[in-house]
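Q: Below you will find the structure I want to go over with you.
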Amino acid sequence: MRVVVADDAMLTREGIVHVLDEAGVDVVAQAADADGLLREVTRWTPDVAVVDIKMPPTHTDEGLVAAQRIRDERPDVAVLVLSQYLEPSYAMRLLDRHPEKVGYLLKERVFAAAVLVDALRRVCDGETVVDPTIVSRLFRRRRDDDPLATLSHREHEVLGLVAEGLSNRAIADRLHVAGRTVEAHVTQIFLKLGVDTSPDSHRRVLAVLSFLRR
Amino acid sequence: MSEAIVADDHDGAATAPGQNDAAAAVAAASGPLGVGRSLPFLLALGFAGVSVAVVAHVTEAPRSYAATSTSAAIVDLAAGLGLIVAGAAYGLARQRGSVGLLSAMIGVAWLSVDWIGWDDGPAIARSVAMIVAPFLLPLVVHLSVAFPTGRVSGRLARSLVAVAYGATASVSLAWALLRDPFFDRNCWSNCTVNSFLVRAEPDAVRSLTVLWLYFSLATGVVVATTCVERLSRASHAARRILTPVVGPAALVAATQALYAALLVADPAENPDRGVFTAAFFARAAALVALAAGITWAVRSAERTRRSVARLADELGAAPPPGSLRAALARSLGDDRLDVAYWLSGPRAYVDASGQQVALSPGPTQAVTPIERNGQPVAVVIHDRSLEARHDLEREIGAASRLAVDNERLRAQGLAQLSDLRASRVRVVETADDTRRQLERNLHDGAQQRLLALSYELQLAEADARAAGDTRLAGVLTEACERAGTALVELRDLAHGIFPAILTEAGLGPALATFVDMAPLRVELVDLPDERLPHHAETAVYLAVTAAVEHAARRSASRVVAAFKPADSELAVELVDDGTGDSPDDLIHIRDRVGALGGRLDVDGSRVQVVIPCG
């Protein structure tokens with residue numbers, strides 16, 4: 001797996017590179033800003049770009065914009081956006097145009113090599129990655145006649161993993177159940193919640209997140 | 001007419017209009033300079049009184065037009081007396097310049113003709129009257145160009161006046177020295193006496209008389225034309241003031257020209273002949289109109305003074321800002337009039353609403369300062385033509401001292417209020433900027449360092465584990481967890497200080513995140529998508545979050561926040577289902593919203609916020 005890492009904070013960038021090196025991931029280039037990132041992506045065509053959301057010059061959402069541009073122009077390159085902000089809006093904005101091959105992860109997670117490498121593999125495989133902290137916050141949101149209350153414990157678990165972007169197969173592996181069982185759960189959940197999208201599409205993550213925020 | 005003369009009211013109160021007799025008028029004018037100023041008018045009035053007797057003294061053959069009929073006598077006296085009295089009123093009614101005196105002197109010159117024909121009067125009186133009478137013409141010339149300022153400005157006007165006086169004086173003097181009425185073929189009003197005669201030169205006098213008639217004719221035409229031209233060029237406000245005097249002056253000049261033309265055609269003047277009688281009535285009527293015009297000017301100046309003074313009285317009713325300007329503009333008939341107040345603090349002029357203004361009078365405007373104890377208080381920007389007729393500085397300064405002070409104080413208050421408002425806005429903006437900066441510093445500084453620390457702890461832990469030091473690895477694992485907790489807390493703290501997403505993505509995403517974490521169900525209705533000015537967004541965000549927390553303290557389980565965007569403001573109405581009581585703890589938010597010119601009202605379970613977004 002070939003990776004480009006973009007972060008303007010040198011400490012963090014080198015930390016990420018070190019973690020990936022240790023994990024045997026091939027970091028082909030590093031960049032300190034969005035322009036550099038786009039240049040390196042064009043030059044190396046990596047499998048995935050790891051992008052800090054805040055980069056020069058304005059330190060607002062350059063990373064997000066660059067991520068969307070990469071997904072627009074290079075469908076073969078996955079993007080994992082790193083952020084210190086626990087902001088579902090950013091994650092949803094990222095997923096809005098290209099729900100596959102993108103991820104939004106809180107920055108503190110990336111030094112846990114297993115989490116980072118797993119997220120990279122998932123986006124490379126065409127999945128979506130949404131930080132579990134974001135999902136659990138959305139689950140805690142107060143609702144009128146909370147529809148989530150109609151879900152069983154297992155359905156709750158499955159919905160959480162769907163929101164984090166896991167595929168049915170990955171959910172099945174995680175929960176040690178059969179793929180068909182997961183499929184049945186997902187269909188049932190979508191039916192109960194009235195989520196209007198195909199239970200199997202890439203768009204289901206965004207649909208679930210939107211539902212949770214409704 | 002003497003109503004026009006009002007005693008100087010030093011306490012700013014309106015003067016009772018009781019002082020209606022001439023004595024009061026004269027007394028009012030007799031300040032240190034009063035006696036000197038009123039003396040010529042007293043003399044003219046005395047002269048007018050004697051003139052009445054002269055006209056009333058009927059002789060066998062009429063020696064003046066006034067003697068031909070009662071109506072002629074009435075018109076004659078009306079013109080002369082009218083001009084003298086109007087001139088006195090004008091001159092004494094605190095009006096600067098020579099206009100009053102000129103008017104009175106025209107009256108005297110007009111009545112002199114009756115003295116010339118005073119058959120059995122003193123020879124010296126009749127002789128003097130013969131010298132005085134021709135000066136009617138230059139006096140009319142002078143008045144027509146001097147009104148209303150009393151000054152003659154412009155080279156052309158000055159030379160016209162000088163030539164008129166010069167020519168008249170020369171002719172009058174020559175007549176006095178050379179004319180023996182006895183040899184005058186055409187004499188009719190005085191064929192006997194000339195006390196000043198040195199040597200009789202009948203031929204020279206005859207030629208001089210013809211010359212004089214042509215001069216009168218030409219001058220009359222020039223003056224009439226000049227007056228009409230002046231009126232047509234004047235601004236609206238100026239024309240209102242000029243017409244009552246300059247119009248009749250043109251008529252007087254025209255009738256004088258007509259009279260001269262008649263005499264050129266037929267030197268044998270005969271008051272019994274219709275054409276001459278008609279000319280007399282026309283001349284007299286024109287002079288009556290002039291007297292009336294001057295009286296009107298006095299009255300109108302007085303009306304202004306009164307309406308300004310009345311404004312001072314009406315101040316108890318707290319007129320809205322700008323009333324003084326409106327009252328002055330109305331009274332003076334000058335729509336473009338403006339009043340600016342001087343504030344010594346910021347050293348600037350402000351209008352009645354406290355807004356700073358630059359003094360920029362137009363080309364036809366003048367600026368009259370109003371001073372108090374040598375200190376500037378205000379300025380009136382007005383049409384130039386008002387400058388002379390109204391002694392603005394004194395009128396406004398004295399009669400409406402209270403009005404000026406009141407408006408100025410109010411303007412000062414409003415100016416300070418606007419400063420205060422601006423300073424409140426700056427305080428809020430500075431606070432916002434500081435919070436935003438603090439959040440950014442935390443994000444880029446402490447949070448990054450803590451991230452790096454947590455990374456290094458993880459590396460150390462991995463090393464310890466690889467080295468088989470499980471005790472150290474355990475300690476480091478715990479340290480990692482604590483660093484993680486610190487990161488979470490720091491992130492929440494930074495978000496609480498200022499949600500970066502508010503700046504970066506706007507109100508919608510920021511409030512959505514707030515709703516994710518809110519302790520109760522919050523529904524956002526019609527939240528606008530478009531971005532608002534930073535400080536408005538911050539104010540709306542903080543107001544909504546504070547109102548939701550307020551609802552939570554009232555044990556509410558649900559809040560509906562309905563947004564109503566309008567052109568230049570955003571209104572939010574928050575209604576909750578809480579039942580508990582909560583003190584009004586939104587005061588700091590109300591201050592912040594108020595600083596931006598918005599408002600926040602709490603009414604039980606309803607909180608209403610309006611924030612200007614312009």
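Q: Within the bounds of the stretch A:54-62, is there any residue that is among the β-branched types (V, I, T) and either more than 30 Å from A:R213 (Cα to Cα) or in the same structural domain as A:F139 (by TED's automatic domain parsing) (or both)?
A: No, that holds for no residue.
Q: Among what's in the stretch A:59-102 and is acidic (D, E) and in a helix (DSSP H, G or I), pick the residue that is farthest from A:V28 (Cα to Cα).
A: A:D96
Q: What single numbered condition from (1) in contact with a helix residue (DSSP H, G or I) (Cβ under 8 Å, 6 or more places away or on another chain); (2) open to solvent by 40 Å² or more (accessible area, probe 1.4 Å) fails to hold for B:L287?
A: (2)
Q: Any chance the stretch B:574-597 includes a residue that's touching a Ser or Thr at 6+ places or on another chain (Cβ under 7 Å) and of a type in the set (V, I, T)?
A: So in the stretch B:574-597, the residues touching a Ser or Thr at 6+ places or on another chain (Cβ under 7 Å) come out as B:575-580.
Right, trim to of a type in the set (V, I, T) and you get B:575, B:579.
Checked against the condition, which is being touching a Ser or Thr at 6+ places or on another chain (Cβ under 7 Å) and of a type in the set (V, I, T), the stretch B:574-597 yields at least one hit.
Q: Can I ask one more? Out of curiosity, is B:T168 free of Cβ contacts under 8 Å to residues at least 40 places away in the same chain, assigned by TED's automatic domain parsing to the domain that holds B:L287 and in contact with a Pro (Cβ under 6 Å, 6 or more places away or on another chain)? It would help to see each step written out before you state the result.
A: Values: free of Cβ contacts under 8 Å to residues at least 40 places away in the same chain: yes; assigned by TED's automatic domain parsing to the domain that holds B:L287: yes; in contact with a Pro (Cβ under 6 Å, 6 or more places away or on another chain): yes.
So B:T168 passes the test.
Q: Can you confirm whether the stretch A:137-157 contains a residue that is under 16 Å from the mean Cα position of the chain (by Cα), within 11 Å of another protein chain (Cβ to nearest Cβ) and touching a residue at least 24 places away in the same chain (Cβ under 8 Å)?
A: Taking every residue of the stretch A:137-157 in turn, at least one turns out to be under 16 Å from the mean Cα position of the chain (by Cα), within 11 Å of another protein chain (Cβ to nearest Cβ) and touching a residue at least 24 places away in the same chain (Cβ under 8 Å).
Q: Of the conditions (1) closer than 24 Å to A:R93 by Cα; (2) away from chain A (no Cβ under 14 Å), B:P565 fails just one. Which one is it?
A: (1)
Q: Starting from residues that are in contact (Cβ under 8 Å) with a residue 40 or more places away in the chain and open to solvent by less than 60 Å² (accessible area, probe 1.4 Å), keep the ones in the stretch B:206-215 and report whichever is farthest from the chain's Cα centre (by Cα).
A: B:T209
Q: Let me ask something else about it. Being open to solvent by 10 Å² or more (accessible area, probe 1.4 Å) and within 14 Å of chain B (Cβ to nearest Cβ) is the filter; apply it to the stretch A:87-106 and report the residue that is nearest to A:V129 (Cα to Cα).
A: A:M92
Q: Would the stretch B:469-481 turn up any residue that is of a type in the set (D, E, K, R), in contact with an Asp or Glu (Cβ under 9 Å, 6 or more places away or on another chain) and more than 8 Å from chain A (Cβ to nearest Cβ)? Please lay out each step first, then the result.
A: Restricting attention to the stretch B:469-481, the residues satisfying the condition of being of a type in the set (D, E, K, R) are B:469, B:471, B:478, B:481.
With in contact with an Asp or Glu (Cβ under 9 Å, 6 or more places away or on another chain) added as a condition, the list becomes B:469.
After this cut, where a residue has to be more than 8 Å from chain A (Cβ to nearest Cβ) as well, the list is B:469.
Yes, the stretch B:469-481 contains at least one residue that is of a type in the set (D, E, K, R), in contact with an Asp or Glu (Cβ under 9 Å, 6 or more places away or on another chain) and more than 8 Å from chain A (Cβ to nearest Cβ).
Q: Anything in the stretch A:7-26 that is without any contact (Cβ under 8 Å) to a residue 40 or more places away in the chain and open to solvent by less than 30 Å² (accessible area, probe 1.4 Å)? List them, or say none.
A: Once the filter is applied, which keeps residues that are without any contact (Cβ under 8 Å) to a residue 40 or more places away in the chain and open to solvent by less than 30 Å² (accessible area, probe 1.4 Å), the stretch A:7-26 yields only A:V17.
Q: In addition: Among the numbered conditions (1) over 57 Å from the mean Cα position of the chain (by Cα); (2) within 30 Å of B:L570 (Cβ to Cβ), tell me where B:F498 comes up short.
A: Condition (1) is where B:F498 drops out.
Q: Across the stretch B:491-501, which residue is nearest to A:D61 (Cα to Cα) among those that are touching a residue at least 60 places away in the same chain (Cβ under 8 Å) and either surrounded by fewer than 21 Cβ atoms within 10 Å (Cβ to Cβ) or more than 10 Å from every other protein chain (Cβ to nearest Cβ) (or both)?
A: Across the stretch B:491-501, the extreme among qualifying residues is B:F498.
Q: Could you list, ordered by first residue, the pairs with Cβ atoms under 6 Å in which the first is in the stretch B:410-424 and more than 14 Å from B:P320 (Cα to Cα) and the second is assigned to a helix (DSSP H, G or I), at least 6 apart or interchain?
A: Every condition considered, the pairs that remain are B:R424/B:A595.
Q: Would you say B:A486 is in contact (Cβ under 8 Å) with a residue 24 or more places away in the chain, small (G, A, S) and not assigned by TED's automatic domain parsing to the domain that holds B:A543?
A: Judged against the criteria, B:A486 is a match.
Q: For the stretch A:179-213, which positions are open to solvent by 30 Å² or more (accessible area, probe 1.4 Å), part of a helix (DSSP H, G or I) and touching a residue at least 60 places away in the same chain (Cβ under 8 Å)?
A: Those that are open to solvent by 30 Å² or more (accessible area, probe 1.4 Å), part of a helix (DSSP H, G or I) and touching a residue at least 60 places away in the same chain (Cβ under 8 Å): A:S210, A:R213.
Table: residues versus (1) at pLDDT 80 or above; (2) surrounded by fewer than 16 Cβ atoms within 10 Å (Cβ to Cβ).
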{"residue": "B:A352", "(1), (2)": "yes, no"}
{"residue": "B:R372", "(1), (2)": "no, yes"}
{"residue": "B:A378", "(1), (2)": "yes, no"}
{"residue": "B:E387", "(1), (2)": "no, no"}
{"residue": "B:V404", "(1), (2)": "no, no"}
{"residue": "B:D433", "(1), (2)": "yes, yes"}
{"residue": "B:H443", "(1), (2)": "yes, no"}
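Q: So which residues in the stretch B:334-351 are under 10 Å from the mean Cα position of the chain (by Cα) and either touching a residue at least 60 places away in the same chain (Cβ under 8 Å) or not in a strand (DSSP E or B) (or both)?
A: B:D334, B:D335, B:R336, B:L337, B:V339 - these are the residues of the stretch B:334-351 that are under 10 Å from the mean Cα position of the chain (by Cα) and either touching a residue at least 60 places away in the same chain (Cβ under 8 Å) or not in a strand (DSSP E or B) (or both).
Q: Every residue in the stretch A:175-212 that is farther than 18 Å from A:P147 by Cα, among the basic types (K, R) and within 20 Å of the chain's Cα centre (by Cα), please.
A: The one that is farther than 18 Å from A:P147 by Cα, among the basic types (K, R) and within 20 Å of the chain's Cα centre (by Cα): A:R203.
Q: For the stretch A:45-76: of the residues being open to solvent by less than 10 Å² (accessible area, probe 1.4 Å) and within 10 Å of chain B (Cβ to nearest Cβ), which is farthest from the chain's Cα centre (by Cα)?
A: Restricting to residues being open to solvent by less than 10 Å² (accessible area, probe 1.4 Å) and within 10 Å of chain B (Cβ to nearest Cβ), the top hit is A:K54.
Q: Still on this structure: Consider A:A114 against the criteria (1) under 21 Å from B:D516 (Cα atoms); (2) open to solvent by 10 Å² or more (accessible area, probe 1.4 Å): it satisfies all of them except one. Which criterion is unmet?
A: (1)
Q: Of A:R122, A:R109, which residue is assigned to a helix (DSSP H, G or I), under 15 Å from A:V81 (Cβ atoms), at pLDDT 90 or above and open to solvent by 10 Å² or more (accessible area, probe 1.4 Å)?
A: A:R122
Q: Has the stretch B:191-205 got at least one residue that is crowded, with 18+ Cβ neighbours inside 10 Å, in contact (Cβ under 8 Å) with a residue 60 or more places away in the chain, closer than 16 Å to B:W115 by Cα and assigned by TED's automatic domain parsing to the domain that holds B:L263?
A: Applying the first criterion (crowded, with 18+ Cβ neighbours inside 10 Å) to the stretch B:191-205 yields B:193-194, B:205.
This time we only want the ones that are in contact (Cβ under 8 Å) with a residue 60 or more places away in the chain, so: B:193-194.
Cutting the leftovers down to closer than 16 Å to B:W115 by Cα gives us B:193-194.
When the remaining residues are screened for being assigned by TED's automatic domain parsing to the domain that holds B:L263, the result is B:193-194.
Yes, the stretch B:191-205 contains at least one residue that is crowded, with 18+ Cβ neighbours inside 10 Å, in contact (Cβ under 8 Å) with a residue 60 or more places away in the chain, closer than 16 Å to B:W115 by Cα and assigned by TED's automatic domain parsing to the domain that holds B:L263.
Q: Considering every residue within the stretch A:79-86, establish whether at least one is farther than 20 Å from A:R13 by Cβ and within 12 Å of chain B (Cβ to nearest Cβ).
A: Within the stretch A:79-86, one or more residues are farther than 20 Å from A:R13 by Cβ and within 12 Å of chain B (Cβ to nearest Cβ).
Q: Follow-up question, since we're still on this one. If we only count helices (runs of 4 or more DSSP H) wholly inside the stretch B:105-189, which ones have 1 or more residues that are closer than 21 Å to B:D76 by Cβ and open to solvent by 20 Å² or more (accessible area, probe 1.4 Å)?
A: Correct list: B:123-132.
Q: How do the helices (runs of 4 or more DSSP H) wholly within the stretch B:7-95 filter down when requiring 2 or more residues that are at pLDDT 85 or above, in the same structural domain as B:M130 (by TED's automatic domain parsing) and under 18 Å from B:T295 (Cβ atoms): which remain? Can you show your working first?
A: Values: elements: B:22-29, B:34-56, B:70-92.
Helices (runs of 4 or more DSSP H) meeting the threshold: B:34-56, B:70-92.
Q: On to the next question. Quick one: which helices (runs of 4 or more DSSP H) sit completely within the stretch B:502-614 and have at least 3 residues that are without any contact (Cβ under 8 Å) to a residue 40 or more places away in the chain and open to solvent by less than 70 Å² (accessible area, probe 1.4 Å)?
A: B:507-517, B:534-553
The values are calculated or read from the model by the stated rules, or taken from the named source; none is laboratory data. Keep in mind the model is a prediction, meaning the values are calculated, not measured. FYI the Cβ positions are ideal-geometry reconstructions off the backbone, even for glycines, and counts take in every protein chain you see. These accessible areas exclude ligands, DNA and RNA; they are computed on the full protein's heavy atoms, side chains included. Shrake-Rupley method; radii C 1.70, N 1.55, O 1.52, S 1.80 Å.
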